[in-house]
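First the structure, in the form of structure tokens, and then the observations on it.
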Amino acid sequence: MKNILQITIFLFSIGVFACDCDEPKITEKFIESEFVANITILKIYPNQKNEQGYKANIKINELYKGEQLKSIYVYGRSDNGIGSSCDIYIPTNTKLVAYARKNKDGNFGIGMCSGILYLNKTNQNRQKRELDILRTFKKNNINSTDKISYREKSKLHKNLEQFKGIELDKNFGIYEITFASDLTIKSVTEISGFGNPIDQKLTGIIKQTEWTSNDNGINDKVPDNSKLIIGIYYYSEEKGYPSFLSQYYY
């Protein structure tokens with residue numbers, strides 16, 4: 001009996017920890033999604049036979065990107081049972097920001113790795129910032145979808161160190177990079193910044209960055225005039241650590 005219990009715990013642990021996905025930046029998950037909205041789950045339906053997810057009726061509280069939907073597809077089990085390690089269960093009346101992609105069946109799906117933001121009493125500061133950023137995207141008519149994966153070559157982090165200890169009123173800036181086909185940067189445009197002279201310095205720094213890309217297996221080559229939206233985030237002084245700017249979204 002003891003051995004059976006140990007095996008059960010071991011197998012359950014594998015299931016719990018096997019789902020491995022990096023937390024996507026808000027700019028990445030927004031651009032790569034076809035539907036982004038603040039929603040409430042109204043009703044969930046049982047999984048259909050052999051289906052990896054279940055249908056959920058939704059109420060759209062605020063739409064940031066895409067069409068008006070009445071339901072989405074949730075990758076997981078509607079009975080909250082043990083399935084794959086990446087399954088999620090979202091009960092009715094849950095409020096969240098959904099970042100959904102259209103799957104091969106034409107359903108708009110969300111899952112463990114979608115970058116879901118649950119709207120609850122925890123982490124209120126992050127929730128406010130993320131909603132403010134989404135409203136900025138909507139206000140500036142940023143609604144394109146691009147599945148090209150970009151990675152910066154680690155120069156930006158070092159160049160942002162000069163802003164350590166800075167005091168700012170706003171906690172994010174959003175900028176648009178336009179690339180040539182070989183990933184050289186043609187231009188950097190401020191969409192919603194911190195104010196001059198900080199934005200002048202930041203656009204100059206971003207213009208000097210170097211990038212890699214992957215587009216369905218094609219590396220470091222993109223269509224001419226491809227655009228990338230990036231965020232620079234302000235983190236105020238906390239517990240004796242000075243304030244700073246970062247490209248990382250916490």
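The values are calculated or read from the model by the stated rules, or taken from the named source; none is laboratory data. Computed from a prediction, not measured in an experiment: that's the story for all the values here. Ideal geometry is used to build each Cβ from the backbone, glycine not excepted, and the neighbour counts take in all protein chains shown. Note: accessible area is taken over every heavy atom of the protein model, side chains too, but ligands, DNA and RNA are not part of it. Shrake-Rupley method; radii C 1.70, N 1.55, O 1.52, S 1.80 Å.
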Connecting every pair of Cα atoms under 10 Å apart in the chain and solving the GNM, the largest mean-square fluctuation among Pro91, Pro197, Pro24 falls on Pro197
Relative to the chain, whose Cα atoms define the longest principal axis, helix 2-17 and its Cα axis are tilted in degrees, nearest 10, by 40 degrees
Amide H contacts under 5 Å for Ile191, restricted to residues at least 5 apart in sequence or on another chain and with H modeled in the peptide plane, are Ile174, Tyr175, Glu176
For Lys59, the aspartates and glutamates lying under 19 Å Cα to Cα, once residues fewer than eight places off in the same chain are dropped, come out as Glu34, Glu67
Karplus-derived 3J(HN,Hα) from phi for the range 233-250 (6.51 cos²θ - 1.76 cosθ + 1.60, θ = phi - 60°), whole Hz, x at Gly and Pro, runs 10, 9, 10, 6, 4, 8, 6, x, 8, x, 5, 7, 10, 8, 7, 8, 9, 9
Which residues qualify? For Ser226, with a placed amide H closer than 5 Å and at least 5 residues away or on another chain, they are Phe179
For the range 45-59, Karplus-derived ³J(HN,Hα) couplings (6.51, -1.76, 1.60; θ = phi - 60°; whole Hz; x for glycine and proline) come out as 10, x, 4, 6, 3, 6, 7, 8, x, 9, 7, 9, 6, 10, 10
Under the 7 Å Cα-to-Cβ spin-label approximation, Ala180 and Lys138 lie apart by a distance in nanometres of 3.9 nm
Those GluC sites (Glu not before Pro) from the range 41-109 that are DSSP loop and have at most 13 other Cβ neighbours within 10 Å turn out to be Glu67
Largest-first semi-axes in Å of the equivalent ellipsoid built from the Cα gyration tensor of the chain are 35, 22, 20
For Lys186, the aspartates and glutamates lying under 18 Å Cα to Cα, once residues fewer than eight places off in the same chain are dropped, come out as Glu152, Glu176, Asp199, Glu210, Asp220, Asp224
Here the range 84-98 yields Karplus 3J(HN,Hα) values (6.51, -1.76, 1.60; θ = phi - 60°; whole Hz; Gly and Pro given as x) of 6, 5, 9, 5, 10, 10, 10, x, 4, 6, 6, 10, 7, 9, 9
Sorted by chain and then number, the residues having a modelled amide H within less than 5 Å of the amide H of Arg77, at least 5 places away or on another chain, are Ile88
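For Gln124 and Lys201 in one chain, what is 0.36 nm times their gap in residues minus the Cα-Cα distance, to one decimal in nm?
Details: separation 77, 0.36 × 77 = 27.72 nm, distance 3.03 nm.
Here the segment from Gln124 to Lys201 would lengthen by 24.7 nm.
Using a Förster distance of 35 Å, how high is the FRET efficiency between Tyr241 and Met112, based on the Cβ-Cβ distance and rounded to 0.05? Write down the numbers at each step before the final one.
Numbers: r = 31 Å, r/R0 = 0.88.
The calculated FRET efficiency here is 0.70.
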So the angle from the long Cα axis of helix 124-139 to the longest Cα principal axis of the chain, reported in degrees to the nearest 10, equals 70 degrees
Taking Cα atoms only, helix 198-207 is inclined relative to the longest principal axis of the chain by an angle, in degrees rounded to 10, of 80 degrees
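Counting Lys and Arg as +1 and Asp and Glu as -1, what is the net charge of the other residues whose Cβ lies under 13 Å from the Cβ of Glu67?
Numbers: positive: Lys65, Lys70, Lys102; negative: Glu34.
Taking every other residue near Glu67 into account, the sum is +2.
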Filtered hits (lysines, Cα-Cα < 17 Å from Lys121, offset >= 8 within chain) -> Lys95
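Taking 0.36 nm per residue of sequence separation and subtracting the Cα-Cα distance, how much length would be gained by fully extending the chain between Leu63 and Ser154, in nm to one decimal? Don't skip to the end; give the middle numbers.
Working: separation 91, 0.36 × 91 = 32.76 nm, distance 3.38 nm.
Residue separation times 0.36 nm, minus the Cα-Cα distance, leaves 29.4 nm.
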For Lys158, the accessible surface traced by a 1.4 Å probe with all protein chains present amounts, in square angstrom to the nearest 10, to 150 Å²
Once Lys and Arg are counted +1 and Asp and Glu -1 for all other residues with Cβ under 13 Å from that of Gly83, the total becomes -2
Summing -39500 (n - 2.57) over every DSSP H run of at least 4 in the chain, dividing by its residue total and rounding to the nearest 500, the 222 nm mean residue ellipticity is -6500 deg cm²/dmol
